[in-house]
C-alpha cells in the first residue's frame, strides 16, 4: 500500500493505493494521523478508490483510524470505495459504522 496526504480546509485528505493488507505502511499513516490530531485536525477523508484488495487486517486498520478521529471528537469518511471494498463493508456490516461518500465535496459536507 502507498499513501499520500494533504490538508484542505482543516480536513485531512488521505489517499490509499494498492492492497490494504496491514503492516506495510500502516505505522506511517498512523503517525500522520497522530500529528494531525495533535494539531486539532479531527476530520479525515480517506480515498480508497485505488485500493485493490483488502483483508481483515486492512479493515482493522480503517477501524483504528476511525476510532482515533472519533475519540478526538471528529469523524472519518471513506471516499469512493471500490466495488470490492463496498462488498466487504456490507458483508462485515461495517457500512453501518463508516460514512461513505462518492465525491470530496459530499464527504466534507458529512462533517457539518
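Numbers for the structure displayed
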read-out: Candidate set: region 69-94, residues that are surrounded by 18 or more Cβ atoms within 10 Å (Cβ to Cβ) and part of a helix (DSSP H, G or I); chosen: the one modelled with the highest pLDDT; value: 69
read-out: Within region 96-112, considering residues that are free of Cβ contacts under 8 Å to residues at least 60 places away in the same chain and under 13 Å from the mean Cα position of the chain (by Cα), the one surrounded by the fewest Cβ atoms within 10 Å (Cβ to Cβ); value: 97
read-out: Tally, over region 20-68, of residues that are touching a residue at least 12 places away in the same chain (Cβ under 8 Å), farther than 18 Å from residue 83 by Cβ and part of a helix (DSSP H, G or I); value: 17
read-out: Residue within region 49-60 that is surrounded by 13 or more Cβ atoms within 10 Å (Cβ to Cβ), modelled with pLDDT of 95 or more and in contact with a helix residue (DSSP H, G or I) (Cβ under 8 Å, 6 or more places away or on another chain) present; value: no
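The values are calculated or read from the model by the stated rules, or taken from the named source; none is laboratory data. Predicted, not measured: the structure shown is a model, and the values here were computed from it. Note that each Cβ is placed from the backbone with ideal geometry, even for glycine, and that neighbours are counted across all protein chains shown.
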